[in-house]
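Novice: Next up is a structure, given as structure tokens.
The values are calculated or read from the model by the stated rules, or taken from the named source; none is laboratory data. Nothing here was measured: the structure is a model prediction, and the numbers come from that model. Because the Cβ atoms are built from the backbone with ideal geometry, glycine has one as well, and the counts that use them run over all protein chains shown. What goes into the accessible areas is simple: the full protein's heavy atoms, side chains included, and nothing from ligands, DNA or RNA. Shrake-Rupley method; radii C 1.70, N 1.55, O 1.52, S 1.80 Å.
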Amino acid sequence: MRTLSTPSPALILPPGSSPLSPPGLANGSSTSSSSVTGETIAMVHAPPAGLLCPQTRLRPPKDQRQQAPIDLLPDHAFLQIFAHLPTNQLCRCARVCRRWYNLAWDPRLWRTIRLTGDLLHVDRALRVLTRRLCQDTPNVCLMLETVVTSGCRRLTDRGLHTVAQCCPELRRLEVAGCYNISNEAVFDVVSRCPNLEHLDVSGCSKVTCISLTREVSLKLSPMHGQQISIRYLDMTDCFALEDEGLHTIAAHCTQLTHLYLRRCVRLTDEGLRYLVIYCPAVRELSVSDCRFISDFGLREIAKLEGRLRYLSVAHCGRITDVGIRYVAKYCSKLRYLNARGCEGLTDHGLEYLAKNCPKLKSLDIGKCPLVSDAGLELLALNCFNLKRLSLKSCESITGRGLQVVAANCFDMQLLNVQDCDVSLEALCFVKRHCKRCVIEHTNPAFF
């Protein structure tokens, strides 16, 4: 049972700033602590001042005190309001009064910890928060399922070690941009949190492996046949990731369905071969800006067949019609394809897509100078469900191709024709036939 003498944590402003002056809030997000002058720190504090010794404060007689309007709200209304606050603001609310203290530490509000800010001592904040949340269940915090510290550059392996020790029910962890995180911290989390399903380590340049073994070389024999339950993994901008690391990840994370490897510039086609062998359930895959990925890599990706829904190979300069043909032939349920900057793509590649992927809804072929109206017409005559189309900087596209698209794809919602040689008449034609379509263009006469 919670008592007033129980210490609880709060994230407070520097000395001289009011602890009750929150920054702007909207839908659970907040201005990061770096937006205020000075440094936000974590500390353990007792309940609000005056609660321990109320007799020391001079108060008017009870019949003369006037209740604040906000105090008229019932508890469930407060809980709904508090549910939209980020962690640091919720801790501030716990310092207002006894009632707010008890409501702010309601276990239903602590399924998520969300911390932001470059200057936040996030390791210490996590230690203090988990200590408070472990009060009723010593050493473990059973209600906490999500930890988000994206952008907290001061987060280190020590902070993640605290999370791994105290939060066995963790399901979602986002540490994007925390570049001090290493493989050791990731190992602690995945080995101690068996229910972890969502992991975002984008921008963590030291992370090169995710496994249940400390040695990267032990990739083919997870401990006692165990597997990591991660389904969503974002390793965007993990520049040091190589084929060997991807091999280890695939061997341990066989349940992956969403994998994002944008700008992992050391990956090659060999890494994709390992991925397809161990992770046949992948539905969304991004290897954008992986310059060593070629048509051979797309041939491996095509083995995912009808399970693949989303594929991004933007700026993979070695990809041509040959690779697109493999994907189109075997991945007939593809919904999204981003091939921007694949300069080897021509009308033949679009023909393969048009004839084999009729359910395509989003296509980006910007900066593909060999794509012309002929390929666009084939696409429009077969992919009626197309809703988003980007043709930015496609020099061979004219108004004729756009008119065919507009006449057949009535549900078009976004069309990008920036830096294309498209007439005003063609843009007006698109607007008449696709009334809900947002057209991004560079024609000053069209508005």
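Novice: Given the C-alpha centroids of segment 285-325 and segment 92-139, what is the distance between them in whole angstrom?
Specialist: If we compute the Cα centre of each part, the gap is 44 Å.
Novice: If you put +1 on each Lys and Arg Cβ and -1 on each Asp and Glu Cβ, how big is the dipole of segment 127-166 around its Cα centre, in Debye rounded to 20? Don't jump to the answer; show the numbers that get you there.
Specialist: Working: 6 positive and 3 negative charges, 56 e Å.
Here the size comes out at about 260 debye.
Novice: Okay, next question. Going by accessible area, probe 1.4 Å, with all protein chains left in place, what is the ranking of 435, 392, 206, largest first?
Specialist: Details: 435 155, 392 55, 206 110 Å².
From most exposed to least exposed: 435, 206, 392.
Novice: Restricted to Cα positions, what overall size does segment 366-411 have along the principal axes? Three whole-Å values, descending.
Specialist: For segment 366-411, the Cα extents along the three principal axes come out at 25, 17, 15 Å.
Novice: Also, I was wondering about something else. Aspartates and glutamates near residue 387 by alpha-carbon distance under 12 Å, same-chain residues fewer than 8 away left out - which ones?
Specialist: Of all the aspartates and glutamates, those that pass the test against residue 387 - Cα under 12 Å, at least 8 places apart if same chain - are 364, 411.
Novice: So how do 99, 318, 92 rank on accessible area, 1.4 Å probe, biggest first, that is with the largest at the start? Don't skip to the answer; put the middle values down first.
Specialist: Values: 99 75, 318 130, 92 10 Å².
Sorted by accessible area, descending: 318, 99, 92.
Novice: With unit charges on the beta carbons (Lys and Arg positive, Asp and Glu negative) and the dipole taken about the Cα centre of segment 337-447, which residue among 408, 420, 376 sits farthest to the positive side?
Specialist: Positive-most Cα among the choices belongs to 408.
Novice: Let me ask something else about it. Based on Cβ point charges of +1 for Lys and Arg and -1 for Asp and Glu, what charge dipole magnitude is obtained for segment 137-208 about its Cα centre, in debye rounded to the nearest 20? If you can, show how the numbers build up before the last one.
Specialist: Details: 7 positive and 8 negative charges, 45 e Å.
The dipole magnitude comes to about 220 debye.
Novice: In segment 250-387, how does Rg compare with the Kirkwood Rh, expressed as the Rg/Rh ratio over alpha carbon atoms?
Specialist: Values: Rg = 13.9 Å, Rh = 14.6 Å.
In segment 250-387, Rg relative to Rh is 0.95.
Novice: Same structure again: Within segment 259-302, report the trypsin sites (Lys or Arg not before Pro) that DSSP leaves as loop and that have at most 15 other Cβ atoms within 10 Å. Show your work: numbers first, answer last.
Specialist: On the way: sites: 262, 263, 266, 273, 283, 291, 299; in loops: 262, 263, 266, 283, 291.
Those satisfying the criteria are 291.
Novice: Holding the Cα-Cα limit at 32 Å, pick out from 303/392; 206/355; 303/435; 333/367; 355/435; 359/435 the pairs that are longer than that. List each step's numbers first, then the result.
Specialist: Details: 303/392 30 Å; 206/355 43 Å; 303/435 39 Å; 333/367 25 Å; 355/435 27 Å; 359/435 21 Å.
Listed pairs above 32 Å: 206/355; 303/435.
Novice: Ranked from the most accessible area to the least, with a 1.4 Å probe and all protein chains present, what is the order of 348, 121, 247? Kindly include the intermediate steps, with their values, before the conclusion.
Specialist: Numbers: 348 115, 121 65, 247 15 Å².
The most accessible residue leads, giving 348, 121, 247.
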